[in-house]
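Undergrad: So that we are looking at the same thing, I have put the structure below in structure tokens.
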Amino acid sequence: MPEQTADSSVVNPARFLGRADVYAQARPGYPDALGAWLRDLGLLNAPVADIGAGTGLFTRLLLAHGAAVTAVEPNPDMRARLGRGYVACRV
């Protein structure tokens, strides 16, 4: 496992603690055309994993286009925000 330092570029799931709401408001979404393209290619016919799902922007796009999604998010604040309102998604 890489050593982590204060200026490390190693991913740290705690870096968004307390910031999930701000992140959700500031982060731009994905174009609907991306979901349609993935669906049209048949890539949403099998279960999909959204790894590092954050607040669920991509998860929502996948769900809107018929995917069965399992969202994985290590940060508890982001995961709590992600889990709000989803019934078709395993968090």
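Undergrad: If DNA, RNA and ligands are ignored and the probe is 1.4 Å, what is the ranking of 30, 23 by accessible area, most exposed first?
TA: 30, 23
Undergrad: Each residue of the stretch 30-38 in order: what ³J(HN,Hα) in whole Hz does its phi give by Karplus 6.51 cos²θ - 1.76 cosθ + 1.60, θ = phi - 60°, with x for Gly and Pro?
TA: 9, x, 4, 4, 5, x, 5, 5, 4
Undergrad: Oh, and also: Kindly report, to the nearest 10 Å², the accessible surface of residue 27 as traced by a 1.4 Å probe over protein heavy atoms only.
TA: Solvent-accessible area, nearest 10 Å²: 80 Å².
Undergrad: Each residue of the stretch 61-71 in order: what ³J(HN,Hα) in whole Hz does its phi give by Karplus 6.51 cos²θ - 1.76 cosθ + 1.60, θ = phi - 60°, with x for Gly and Pro?
TA: Running phi through 6.51 cos²θ - 1.76 cosθ + 1.60 with θ = phi - 60° gives 4, 4, 4, 5, 9, x, 6, 8, 10, 10, 9 Hz.
The values are calculated or read from the model by the stated rules, or taken from the named source; none is laboratory data. What you see is a predicted model, and the numbers here were worked out from it, not measured in a lab. Accessible surface areas use protein heavy atoms only, side chains included; no ligands, DNA or RNA. Shrake-Rupley method; radii C 1.70, N 1.55, O 1.52, S 1.80 Å.
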